[in-house]
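To keep things clear, I will list the structure first and then write my remarks on it.
Any read-out appearing in this document is the output of simple, stated calculations on the displayed coordinates, not a laboratory observation. Since we're looking at a predicted model, the values are computed, not measured. Neighbour counts are summed over all protein chains in view; Cβ atoms, including those assigned to glycine, are modelled from backbone coordinates with ideal geometry.
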Amino acid sequence: MAVFHEFRELPVFRNPVVTIGSFDGVHHGHKVILSEVVKEAKAVNGESILITFEPHPRKIIHPEQPLGLLTAPEQKIRLIEAEGIDHIFVVPFTRDFSMLSAAEYVTDFLVKHFNPHTIVIGYDHHFGHSREGDIGLLRTMLEPQVRIAEIPAQLIDDAAVSSTKIRNALLKGNVKEAAEMLERPYTFTATVVHGNKLGRTIGYPTANLEPVYADLLIPGIGIYAVRAAVGDRLYNGMMSIGYRPTVTDEKKITIEVNIFDFAAEIYGQRITVHCIEYLRGEEKFDGLEALTAQIAQDEIRSRAVLG
């Protein structure tokens, strides 16, 4: 699979079958669409092309709103590649690009750079400034020279999955529900940074984490059973996301992972956390002894969950 980031890199494609969207999460519903694109391309001896955007359009159009994305850019590309798409074009999304009218979007972007044989989009897809363009405009402007293939509502609704549903599940701590919709555990990559090293004093050293991709969603406050990828190995562990009310009054959310059966120093390294199961909410205990006793119970339950 080839990935392009600039218009000047684009080759002349053979019978290009194009789809467009953010595809954040590359969840089950997205896979339904990607399967249709791959099938359409094979039917016309063409090449399947997915057009997506970086940064996410909301970051340019509504910079004041947190994004809470489900996939970092590199992860999204890997997941799309696994679905059999031939090419990805990552559009450099800018304010100027967002101001293209729907008609300009069709002629100066889609036709000029991709010359599509077929465009595959969902029944509710919109594009152009203020999202004024839709599938009806595409058909008016391009058919019969370009085939417009609509993903029907039924096909998408049958998937019963959306990025919004997954985000809501994660914010409530429902990582198992999110995993069912994603068809994989929810993951995020973070750098190990220095903390106050309190965990060492109570027998549970933790890796304090700073997410690499700031726009990625972090699950809701609580304690989780997790797996942590360190280098090329995957370890079991447990994670705390919260304010640490037993040991501090600071109103700052921290992310800490206790990796089981692991003693190496990994400050400055990146690890990827796989969120497996929510264990409990964050609590304030009467002291370190009570906190340590609860952590011991969390470990027992985490090891049972993770096998």
**Message:** If each DSSP helix of 4+ residues adds -39,500 (n - 2.57) and the sum is divided by the residues in the chain, what number results at 222 nm, nearest 500 deg cm²/dmol?
**Reply:** -8000 deg cm²/dmol
**Message:** On C-alpha positions alone, give me the angle between the axis of helix 28-43 and the longest principal axis of the chain, in degrees, nearest 10.
**Reply:** 30
**Request:** Under 1.5 on a/c is rounded, so check that first for segment 1-153, then, if it is not, pick prolate when a/b is larger than b/c and oblate when it is not; a ≥ b ≥ c are the square roots of the alpha carbon gyration tensor eigenvalues.
**Result:** rounded
**Prompt:** What dipole magnitude, in Debye to the nearest 20, does segment 168-307 give about its Cα centre under +1 on Lys/Arg Cβ and -1 on Asp/Glu Cβ?
**Reply:** 80
**Request:** Round to the nearest 0.05 the FRET efficiency obtained for Val12 and Ala263 when R0 = 45 Å and r is the Cβ-Cβ distance.
**Result:** 0.20
**Prompt:** So, by mean Cβ neighbours within 10 angstrom, what's the order for 1-11, 90-100, 206-216, 112-122 with the highest one leading?
**Reply:** 112-122, 206-216, 90-100, 1-11
**Message:** For Cα pairs less than 8 Å apart in space and 6+ apart in sequence, what is the mean separation divided by the residue count of the chain, i.e. the relative contact order in percent?
**Reply:** 16
**Request:** Please name whichever of Val3, Pro73, Val17 sits farthest to the positive end of the charge dipole of segment 1-113, dipole taken about the Cα centre and charges placed at Cβ: Lys and Arg +1, Asp and Glu -1.
**Result:** Val17
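If Lys and Arg each add +1 and Asp and Glu each add -1, what is the summed charge of the other residues whose beta carbon sits under 15 Å from the beta carbon of Leu234? Numbers along the way, then the final one.
Values: positive: Arg184, Arg227, Arg233, Arg270, Arg303; negative: Asp232, Asp261.
Around Leu234, the surrounding residues sum to +3.
Rounded, prolate or oblate, given the Cα gyration tensor of segment 1-60, with a/c below 1.5 counting as rounded? Kindly include the intermediate steps, with their values, before the conclusion.
Numbers: a/c = 2.85, a/b = 1.18, b/c = 2.43.
Cα axes put segment 1-60 in the oblate bin.
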**Fill in**
Sorting Val161, His126, Phe262 by the position of each Cα along the dipole of the chain (Lys, Arg +1; Asp, Glu -1; all at Cβ), the one nearest the positive end of that ordering is Phe262
**Prompt:** By how many nm would the segment from Arg270 to Glu74 lengthen if fully extended, with 0.36 nm per residue of separation less the alpha-carbon distance?
**Reply:** 69.1 nm
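For each pair in Lys76/Lys165; Lys112/Lys165; Lys176/Lys251, compute the distance between the two Cα atoms and list the pairs where it is over 26 Å. The partial results should precede the final answer.
Details: Lys76/Lys165 18 Å; Lys112/Lys165 36 Å; Lys176/Lys251 28 Å.
Too far apart for the 26 Å limit: Lys112/Lys165; Lys176/Lys251.
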**Request:** Please give the helix 288-306 orientation as an angle from the longest Cα principal axis of the chain, in degrees from 0 to 90, rounded to the nearest 10.
**Result:** 50
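Under a Cβ-only charge scheme (Lys and Arg +1, Asp and Glu -1), can you give me the dipole magnitude of the chain about the Cα centre, in debye to the nearest 20?
Numbers: 31 positive and 40 negative charges, 67 e Å.
Its charge dipole is roughly 320 debye.
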**Request:** Could you point to the label whose value was computed as Cα extents along the principal axes in Å for the structure here, given (i) 74, 37, 35; (ii) 96, 42, 39; (iii) 58, 43, 38?
**Result:** (i)
